[in-house]
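Engineer: Below you'll find the structure I mean.
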Amino acid sequence: MTRRWFYVVALLAGWRGEVIAQQQFGDFTYGVNGDTVAILDYPEPAKGNIVILATIDGKLVTSIGNNAFAYCALLTGITIPDSVTKISDNAFNQFTGLTTFTVGEGNPNYSVVDGILFNKDQSKLLQYPAGKAGGYSIPSHVTGIGSNAFYFSAGLASVTFSNSVTSIGPRAFANCNGLTSVTIPNSVTNIGQSAFANCAGLTSVKIGNGVNSIGNWAFIECNKLTSVHFDGNAPKAGAGMFTGADIKELKLHIYEGSTGFELPPWDVHAKNSIKHPAK
């Protein structure tokens with residue numbers, strides 16, 4: 001509990017301006033606000049599958065808080081009731097054993113396909129179970145990849161983006177050590193902060209011509225990264241984008257006539273750029 005104390009206090013302090021005492025129901029730590037309940041914590045050593053109840057002590061369970069199931073490495077499945085309408089972006093932080101989500105068809109805000117958590121209309125991929133292994137192709141109905149969506153999915157061997165995806169959220173693929181290459185399609189316009197941070201196996205990235213912004217530390221500590229291929233002009237870029245990569249080995253592949261790579265922060269890396277004939 002101590003590792004998550006800060007997050008629990010922060011959630012309670014910001015919940016309609018009230019500080020509400022924690023309570024216990026079985027293994028669940030929860031907070032009460034009026035007639036509703038937020039799940040705040042679950043014991044890290046827990047194993048197997050768990051089912052979140054729709055009510056606790058007669059009150060409706062409506063939310064799952066920050067880091068509520070963080071570090072629960074031995075849990076493999078979680079069932080979310082129809083009553084839950086709010087799930088924090090990092091509710092399942094480092095939930096590395098998880099292989100499947102289950103959500104009732106009556107849930108107004110969330111849905112599940114092949115064990116993967118989406119918003120109701122499946123336009124946004126919210127959480128990929130970090131214990132799933134192998135490759136994954138993002139469906140054509142998805143336009144956004146949520147914050148922390150694939151966070152710590154160490155078994156993710158590859159990801160294929162559909163041309164419907166327009167945004168990649170902060171930390172979306174951070175610590176996905178099984179990824180070796182990524183191709184970001186032209187449809188994507190922004191890559192969030194730390195989106196691919198600490199991807200230890202990543203060696204090459206191809207960035208489509210629609211990307212106009214890349215957040216701070218997007219590829220930080222991708223120590224094996226040696227090739228970044230740009231189909232368009234230099235995007236607006238945040239700080240520390242390639243920190244941790246070998247600056248002598250990292251090559252930018254750009255097309256003749258592309259612009260912006262002579263300006264900071266790209267100019268540091270442009271010295272090692274390889275120019276290709278314009279398309």
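The values are calculated or read from the model by the stated rules, or taken from the named source; none is laboratory data. Note that the coordinates shown come from a computational prediction; the quantities given were computed from them, not determined experimentally. Heads up, the Cβs are rebuilt from the backbone with ideal geometry, glycines too, and the neighbour counts pull from every protein chain shown. Ligands, DNA and RNA are stripped out before the accessible areas are found, and what is left, the full protein with its side chains, is counted by its heavy atoms. Shrake-Rupley method; radii C 1.70, N 1.55, O 1.52, S 1.80 Å.
Engineer: Answer yes or no as to whether Ala70 is within 16 Å of Glu44 (Cα to Cα) and either without any contact (Cβ under 8 Å) to a residue 40 or more places away in the chain or of a type in the set (Val, Ile, Thr) (or both). So that I can check it myself, show each step before the final result.
Structural biologist: Working: within 16 Å of Glu44 (Cα to Cα): yes; either without any contact (Cβ under 8 Å) to a residue 40 or more places away in the chain or of a type in the set (Val, Ile, Thr) (or both): no.
When the stated conditions are applied, Ala70 does not pass them.
Engineer: Would you mind stating whether His269 is assigned to a strand (DSSP E or B), surrounded by 17 or more Cβ atoms within 10 Å (Cβ to Cβ) and either of a type outside the set (D, E, K, R) or in contact with a helix residue (DSSP H, G or I) (Cβ under 8 Å, 6 or more places away or on another chain) (or both)?
Structural biologist: On the way: assigned to a strand (DSSP E or B): no; surrounded by 17 or more Cβ atoms within 10 Å (Cβ to Cβ): yes; either of a type outside the set (D, E, K, R) or in contact with a helix residue (DSSP H, G or I) (Cβ under 8 Å, 6 or more places away or on another chain) (or both): yes.
The answer is no for His269.
Engineer: For a quick check of your reading of the model, give me the residue pairs whose first member lies in the range 230-257 and is in contact (Cβ under 8 Å) with a residue 24 or more places away in the chain, whose second is among the β-branched types (Val, Ile, Thr) and in a loop (DSSP other than H, G, I, E, B), with beta-carbon atoms closer than 6 Å and at least 6 apart or on different chains.
Structural biologist: That search, which allows pairs on different chains as well, returns Asn233/Thr259; Pro235/Val211; Gly240/Ile220; Thr243/Ile220; Gly244/Ile220; Leu250/Thr226.
Engineer: Gln193 versus (1) of a type outside the set (A, V, I, L, M, F, W, C); (2) in contact with a strand residue (DSSP E or B) (Cβ under 8 Å, 6 or more places away or on another chain); (3) under 20 Å from Ile145 (Cβ atoms): which is the lone unmet condition?
Structural biologist: It is condition (2) that Gln193 fails.
Engineer: Let me ask something additional. I need the full set of residues from the range 73-85 which are part of a loop (DSSP other than H, G, I, E, B) and either free of Cβ contacts under 8 Å to residues at least 24 places away in the same chain or open to solvent by less than 10 Å² (accessible area, probe 1.4 Å) (or both), in order please. If you could, list the steps in order and put the result at the bottom.
Structural biologist: Taking the range 73-85 as the starting set, the residues that turn out to be part of a loop (DSSP other than H, G, I, E, B) are 73-74, 81-85.
Matches in the range 73-85: Val84 only.
Engineer: While we're on this one: Tell me, which residue of the range 198-218 that is part of a loop (DSSP other than H, G, I, E, B) and open to solvent by 40 Å² or more (accessible area, probe 1.4 Å) is nearest to Leu252 (Cα to Cα)? Step through it out loud before you land on a result.
Structural biologist: Residues of the range 198-218 part of a loop (DSSP other than H, G, I, E, B): 198-203, 208-212, 215-218.
If we keep only those that are open to solvent by 40 Å² or more (accessible area, probe 1.4 Å) too, we end up with 198, 200, 203, 209, 212, 216-217.
Numbers: Asn198: 19, Ala200: 19, Thr203: 12, Asn209: 14, Asn212: 16, Asn216: 18, Trp217: 17 Å.
Residue satisfying both the conditions and the ranking: Thr203.
Engineer: So, in the range 107-139, of the ones that are charged (D, E, K, R) and under 18 Å from Asn49 (Cβ atoms), which residue ends up surrounded by the fewest Cβ atoms within 10 Å (Cβ to Cβ)? I'd like the intermediate steps shown before the answer.
Structural biologist: Within the range 107-139, the subset charged (D, E, K, R) is 114, 120-121, 124, 132.
The next check asks that each one be under 18 Å from Asn49 (Cβ atoms); those that pass are 114, 132.
Details: Asp114: 11, Lys132: 17.
This residue is Asp114.
Engineer: Pairs please, first residue from the range 86-102 and closer than 7 Å to Ala73 by Cα, second anywhere and among the β-branched types (Val, Ile, Thr), Cβ atoms under 6 Å, 6+ apart in sequence or on different chains.
Structural biologist: Note: pairs meeting the criteria are Gly97/Thr76.
Engineer: Does Thr226 satisfy the condition of being open to solvent by 40 Å² or more (accessible area, probe 1.4 Å), free of Cβ contacts under 8 Å to residues at least 60 places away in the same chain and either more than 25 Å from Arg171 (Cβ to Cβ) or out of contact with any Asp or Glu (no Cβ under 7 Å at 6 or more places or on another chain) (or both)?
Structural biologist: The answer is no for Thr226.
Engineer: Which ones in the range 33-47 are touching a Ser or Thr at 6+ places or on another chain (Cβ under 6 Å) and either over 25 Å from Ser147 (Cα atoms) or open to solvent by 30 Å² or more (accessible area, probe 1.4 Å) (or both)? Don't jump to the end; show me each part of the working.
Structural biologist: Step one: filter the range 33-47 for residues touching a Ser or Thr at 6+ places or on another chain (Cβ under 6 Å), giving 36, 38, 40-41.
Within the range 33-47, just Thr36 meets the criteria.
Engineer: Six or more apart or on different chains, Cβ atoms under 6 Å: show the pairs whose first residue is in the range 126-149 and closer than 25 Å to Thr85 by Cβ and whose second is modelled with pLDDT under 95 and open to solvent by 50 Å² or more (accessible area, probe 1.4 Å).
Structural biologist: Here the result reads Ala130/Thr96; Ser147/Asp89; Asn148/Asp89, each pair linking the range 126-149 to a residue that is modelled with pLDDT under 95 and open to solvent by 50 Å² or more (accessible area, probe 1.4 Å).
Engineer: In the range 86-106, what residues are open to solvent by 20 Å² or more (accessible area, probe 1.4 Å) and assigned to a strand (DSSP E or B)?
Structural biologist: Residues satisfying the conditions are Lys86, Ile87, Thr100, Thr102, Val103.
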